[in-house]
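Read the structure below first, then the notes.
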Amino acid sequence: MARVVKKEPARRAGRQGSRISSKHQVTIPRDAFTAAGLHEGDLVRIEAAGPGRVVLTRQDDLLDHFSGAMRAGADLRRTVGDLRDEWA
């Protein structure tokens with residue numbers, strides 16, 4: 001007679017949690033995804049922020065942060081030229 005083995009139901013992560021897959025993938029819960037203003041197809045930067053902590057930052061936010069940080073046109077050329085002269 002064949003022995004029947006009860007298979008335990010898969011454990012689900014909490015409502016705001018997720019489980020890391022064997023491929024290191026994580027599903028972001030909808031509420032957190034929406035609250036962060038993320039959209040399907042967004043490029044994100046991923047950084048470790050200490051033990052057990054990971055931060056996702058949308059790439060365009062980084063570009064917006066640094067846009068306009070450098071002068072353009074002739075000022076930029078002069079600045080780059082001055083920096084080259086310092087290294088010569």
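Summary of values
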item	result
Region 30-46 - phi-based ³J(HN,Hα) in whole Hz, Karplus 6.51/-1.76/1.60, Gly and Pro as x	3, 4, 5, 4, 5, 4, 7, x, 7, 9, 4, x, 4, 8, 10, 9, 10
Distance (nanometres) between label positions extended 7 Å along Cα→Cβ at Glu40 and Ser18	1.5
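Laboratory data are not the source of any read-out in this text; all were calculated from the coordinates shown. What you see is a predicted model; the values in this text were computed from it and never measured. Quick reminder, even Gly has a Cβ in these numbers, built from the backbone with ideal geometry, and neighbours come from all protein chains shown.
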